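A.B. asks: Got a structure for you, questions after.
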Amino acid sequence: MRVVLAEDLHLLREGLVHLLRAHGLEVVAAVESGPELLDALVRERPDVAVVDVRLPPTFTDEGLQASLAARKRIPGLPVLVLSQHVEQLYARELLADGSGGIGYLLKDRVFNSEQFIDAVRRVAAGGTAMDPEVIAKLLASNARNEPVGRLTPREREVLELMAEGRSNAAIGQRLYLSDSAVGKHTANIFAKLGLAPSDDDNRRVLAVLAYLNDK
Amino acid sequence: MRLRTDVGCTYPHLLRHLRPLSRPPRLSHTGGMSERGTVPALAKGAGLFCVAVFSQVVAAVVLVGMLLSSVGMVFLFPATVRLMRRMTRLNRRLVAAWTGTPVDEPYLPEPAPPVPIAEGWYRDGRSLYKTPLIPAFNRRLNWLLKDSATWRDFGFLAADMWAGGLIAGAPLLLVVVGAVQLAGGNLIGLTWPLLAIASARWYAPWALHVYGVIARTFLGSTEKARLAQQVDRLARARTEVVDSQAAELRRIERDLHDGAQARLVAVGMTIGAAEELMESDPAAARALLAKAREASSTALQELRQLVRGIHPPVLAERGLGDAVRAVALDTAVRTHVSVDLPGKLDAPLESAAYFAVSELLTNVVRHSGASEAWIDISCQGPTLRITVRDDGHGGADPSRGTGLAGIERRLAAFDGVLALSSPPGGPTTAVIELPRALSVSPRPPVTWRTITTGICWSLCWIPLFPQGFVAMILKLVGTPEKSWFLALYMPERLQWPTIIGMIVLGAGMLATASVLTARHRNAKDAACA
């Protein structure tokens, strides 16, 4: 799997390259600025890009902008964005085109290498990987939303994991539930939120996120 | 820098913007001229005259007080001035309410109470005192004596009846004089009231206006007093800013010391312990390392919180508009944000505005019981205006809690103000205004477009009318008059083509000018959006 990496701090960049290589991913370009990133993305057309939000030269949201620009040219280009802070605003912008292949994680999620690599692979496969903190904020801002309030605590847990982009199997593993039990919960959630059920994991996540975003 | 709960008159210019959002503010008590009737104007004039007569009495009392002070009974002076100021305050209020001329208080700021020096004594010039009584009195005396407003006040009280009072009360006096003459059997007395009634329609409002102007000349602030007040306000704002900044730094230091720093020490120690166990007990070492990782995550979490409190990353990355949008997204109340800013603001000012908005939004969530909120950020010239409105139950009271006072302090550093309207039953509207937030963009450079537009607009009428249509009419009528119409000087066969050519040229210039102007306007609108 070919990866383009953008991170301006040398130490962190080397660490990430090392981590990705150790898990059998091929880092085809490791760049340190926004323009370089856009260039590399368009040239290399990687299977997935791992991008820090804040990059030179402006040290604002250069990485995010470059990713969005690249996705405009190459629709559905999988991008995993890393940041020191997560904002619903950025998550919305990333998800806006509705074509999936989006990851948005806090930088410290890298500490848990297995989960991080899992997220990279999920995004590369066109799935979604949202940081639990984004989801928590999303649900908190939906606190006064009637249908969300009607969910049982278990359903809420399932909803959180689902919104993070996890498959039924992964949710079951995490919550120690059988696949059929997870299926029942998701069906209930979809019914309560008034969403059309879907078997496709990715479509499902996007529907849930769109619903929560549309408060 | 005061805050008013109900729509007060602290920032009248801000209230205009409250009007479409909430109940119309009660402005009638300041803008008395709204009732343009003659009878009320006459009544007010008569009232002002009566007050002027009373002022004369007060002036006499004050004069006695001052004379006594000057012959040694100096302790009477502050009380005398206090009496005088009470009277002029009443005058100012009446003038503002009845003539529609607002009159500011011109007094110099009151001196601070004396502070004891190290040994517990109070210094006043070269003398030391055991109690603050005499130094405080001296300061007050100096303050009153040196304030020119004291003497102007006295001048007003003494002269009011003979100047403004006489003008304002003339109709009343005419009626009285007429009545006295009539009572004496003199029929000429009838003419005075008739004159007063006949002229009242235009005289009464004019007299009130003149009275207002005279009163403002005597009672209003001088440039010196205005500057002194401004310096005082700035000094206070600076002290507050410096204080709050120091407190903020202390808080950050404490947070770092007790939080991230301590956790990093723990991480280091845990890794050290794991290192020692590596050989003897690899399983325990691994467990310790996992713990260290967790601790470093927590440290990061705390640092993130801290950073958010100092300067939110979205603000640094995207500016005020998107930072406010981000806050709105995280808010449990449905919040609509509209932003109309032409450019990026200065970082410190942006940060103050951001924290003010986020505090207001927190209040909406916590106290208002609102289901929806609206934030509007826009600019008017160099002034940044932010309106936060909700559909809650209102009744916000700035005297309870410290949030609103904190916002005021933050804004004061930038000469910003906060106006709050929160009648019981709602809705609540807060308007923040920050002057000089945006550097007014320099005049747009003169481009060929500007020049073309200018030439087309200013000259299109020449080919269109005199050289085109007028020449055409003259040609049709067939007068021998040629005047300055180019076409008529042409050889016969070129006359019509010239006329039509002129009309086409004029119309073309008109069309070009219109199109360029419309495009320019669209571009400007787009730039603002």
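Any read-out appearing in this document is the output of simple, stated calculations on the displayed coordinates, not a laboratory observation. This structure is a prediction, so every number in the text was calculated from the model and none was measured. For neighbour counting, all protein chains shown are included, and Cβ atoms are generated from backbone atoms with ideal geometry for every residue, glycine included.
A.B. asks: Please work out the Cα center distance from region B:231-245 to region B:465-529, rounded to the nearest Å.
C.D. replies: About 64 Å separates the Cα centre of region B:231-245 from the one of region B:465-529.
A.B. asks: Would you work out which of B:Val62, B:Leu172, B:Val314 lies farthest towards the positive end of the dipole of chain B? Charges go on Cβ: Lys and Arg +1, Asp and Glu -1.
C.D. replies: Result: B:Leu172, furthest along the dipole toward the positive end.
A.B. asks: Which aspartates and glutamates, on any chain, are close to A:Lys72 with Cα under 12 Å apart, when same-chain ones fewer than 8 places away are left out?
C.D. replies: Within the straight-line cut-off, A:Lys72 pairs with A:Asp97.
A.B. asks: Starting from the Cα of B:Ser280, step 7 Å along the direction of its Cβ; do the same at B:Arg86; then give the gap between the two resulting points in nm.
C.D. replies: Between B:Ser280 and B:Arg86, the label points sit 8.7 nm apart.
A.B. asks: Going Cα to Cα from A:Lys192, which lysines come in below 23 Å? Please leave out same-chain ones fewer than 8 positions away.
C.D. replies: Within the straight-line cut-off, A:Lys192 pairs with A:Lys137, A:Lys184, A:Lys215.
A.B. asks: Provide A:Tyr176, B:Tyr211 in ascending order of the number of other Cβ atoms located within 10 Å of each residue's Cβ, fewest first. Provide the component values of the computation, followed by the final result.
C.D. replies: On the way: A:Tyr176 7, B:Tyr211 28.
Ranking A:Tyr176, B:Tyr211 by Cβ neighbours within 10 Å, fewest first, gives A:Tyr176, B:Tyr211.
A.B. asks: Sum -39500 (n - 2.57) across every DSSP H segment of at least 4 residues in chain B, then divide by the residue count to get the 222 nm mean residue ellipticity, nearest 500.
C.D. replies: Details: 19 runs with 328 residues, N = 529.
Taking each H run of at least 4 residues, the total per residue is -21000 deg cm²/dmol.
A.B. asks: Tell me, what is the percent relative contact order of chain B, built from C-alpha pairs under 8 Å that lie six or more residues apart?
C.D. replies: Working: 658 pairs, mean separation 69.6, N = 529.
Relative contact order, chain B: 13 percent.
A.B. asks: Still on this structure, please answer the following. Tell me which chymotrypsin sites (Phe, Trp or Tyr not before Pro) from region A:78-160 have a DSSP coil assignment and no more than 14 other beta carbons within 10 Å of their own.
C.D. replies: Numbers: sites: A:Tyr90, A:Tyr104, A:Phe111, A:Phe116; in loops: none.
Those that pass, being in a loop and sparsely packed, number zero.
A.B. asks: Something else: Can you give me the relative contact order of region A:2-130 as a percent, contacts being Cα pairs under 8 Å and 6 or more apart? Could you put the intermediate results ahead of the total?
C.D. replies: Details: 239 pairs, mean separation 27.2, N = 129.
Computed over region A:2-130, the figure is 21 percent.
A.B. asks: How would you classify region A:110-177 from its alpha-carbon gyration tensor, with a ≥ b ≥ c the square roots of the eigenvalues: rounded for a/c under 1.5, else prolate if a/b is greater than b/c, otherwise oblate?
C.D. replies: Values: a/c = 2.30, a/b = 1.68, b/c = 1.37.
Prolate is the answer for region A:110-177, as a/c is 1.5 or above and a/b outweighs b/c.
A.B. asks: Tell me the angle of helix A:62-73 to the major Cα principal axis of chain A, expressed in degrees between 0 and 90 and rounded to the nearest ten.
C.D. replies: Here the helix axis deviates by roughly 80 degrees.
A.B. asks: Also, I was wondering about something else. Quick one: Cα centre-to-centre distance for region B:59-78 and region B:280-310, in angstrom?
C.D. replies: Region B:59-78 and region B:280-310 have Cα centres separated by 77 Å.
A.B. asks: Here is a follow-up. Taking Cα pairs under 8 Å and at least six residues apart, what relative contact order does region A:135-213 come out at, in percent? It would help to have the intermediate numbers written out before the result.
C.D. replies: Working: 59 pairs, mean separation 27.8, N = 79.
Answer for region A:135-213 is 35 percent.
A.B. asks: Sticking with this one: What lysines does B:Lys291 reach when the alpha-carbon gap must be under 25 Å and sequence neighbours fewer than 8 apart in one chain are set aside?
C.D. replies: In chain and number order, the partners are A:Lys107.
A.B. asks: Counting only other residues whose beta carbon sits under 11 Å from that of B:Ser371, what net charge do I get with K and R as +1, D and E as -1? If you can, show how the numbers build up before the last one.
C.D. replies: On the way: positive: A:Arg144, B:Arg334; negative: B:Glu372, B:Asp390, B:Asp391.
My count for the surroundings of B:Ser371 gives -1.
A.B. asks: Using only the Cα atoms of region A:23-142, build the gyration tensor, take square roots of its eigenvalues as a ≥ b ≥ c, and label the shape rounded, prolate or oblate: rounded if a/c is under 1.5, else prolate if a/b is larger than b/c, else oblate. Walk me through the numbers on the way to the answer.
C.D. replies: On the way: a/c = 1.42, a/b = 1.25, b/c = 1.14.
Since a/c stays below 1.5, the shape of region A:23-142 is classed as rounded.
A.B. asks: Let me ask you something else. When the dipole is taken about the Cα centre of chain B, and only Lys, Arg (+1) and Asp, Glu (-1) are charged at their Cβ, what size is it in debye, to the nearest 20? It would help to have the intermediate numbers written out before the result.
C.D. replies: Working: 56 positive and 42 negative charges, 328 e Å.
Once rounded to the nearest 20, the dipole reads 1580 debye.
A.B. asks: Right, another one. Can you give me the Cα centroid spacing of region B:148-210 and region B:371-421 in angstrom?
C.D. replies: 47
A.B. asks: Continuing with this model, one more query. Name the shape class, rounded, prolate or oblate, that the alpha-carbon gyration tensor gives for region B:448-528, where a ≥ b ≥ c are the square roots of its eigenvalues, rounded holds for a/c under 1.5, and otherwise prolate holds if a/b is larger than b/c and oblate otherwise.
C.D. replies: Numbers: a/c = 3.72, a/b = 3.66, b/c = 1.02.
Here region B:448-528 falls in the prolate category.
A.B. asks: Where does the longest stretch of chain B lie that holds no GluC sites (Glu not before Pro) found in a DSSP loop with 11 or fewer other Cβ atoms within 10 Å? Don't skip to the answer; put the middle values down first.
C.D. replies: Working: sites that count: B:Glu35, B:Glu119, B:Glu481.
It runs B:120-480.
A.B. asks: Against the longest alpha carbon principal axis of chain A, how many degrees, from 0 to 90 and to the nearest 10, is the axis of helix A:201-213 turned?
C.D. replies: Roughly 80 degrees, rounded to the nearest 10.
A.B. asks: Continuing with the same structure: Which helices, taking whole DSSP H runs in chain B, have alpha carbons extending 27 angstrom or more along the helix axis plus mean Kyte-Doolittle at least 0.5?
C.D. replies: Details: long enough: B:38-70 (46 Å, 1.82); B:76-99 (34 Å, 0.02); B:164-183 (28 Å, 2.04); B:191-219 (36 Å, 0.79); B:223-256 (49 Å, -0.85); B:262-280 (28 Å, 0.75); B:282-310 (42 Å, 0.07); B:492-528 (55 Å, 0.40).
Long hydrophobic helices here: B:38-70, B:164-183, B:191-219, B:262-280.
A.B. asks: Right, another one. What is the sum of charges around B:Asp391, taking Lys and Arg as +1, Asp and Glu as -1, for the other residues whose C-beta is under 12 Å from the C-beta of B:Asp391? The partial results should precede the final answer.
C.D. replies: Working: positive: B:Arg334, B:Arg389; negative: B:Glu372, B:Asp390.
It works out to a net charge of 0.
A.B. asks: At 222 nm, what value in deg cm²/dmol follows for chain A if DSSP H runs of at least 4 each add -39500 (n - 2.57) and the sum is divided by all its residues, to the nearest 500?
C.D. replies: On the way: 11 runs with 118 residues, N = 215.
-16500 deg cm²/dmol, from helical runs alone.
A.B. asks: Longest segment of chain B with no trypsin sites (Lys or Arg not before Pro) in a DSSP loop having at most 13 other Cβ atoms within 10 Å?
C.D. replies: Details: sites that count: B:Arg2, B:Arg26, B:Arg36, B:Arg126, B:Lys130, B:Lys344, B:Arg400, B:Lys482.
The longest uninterrupted stretch comes out as B:131-343.
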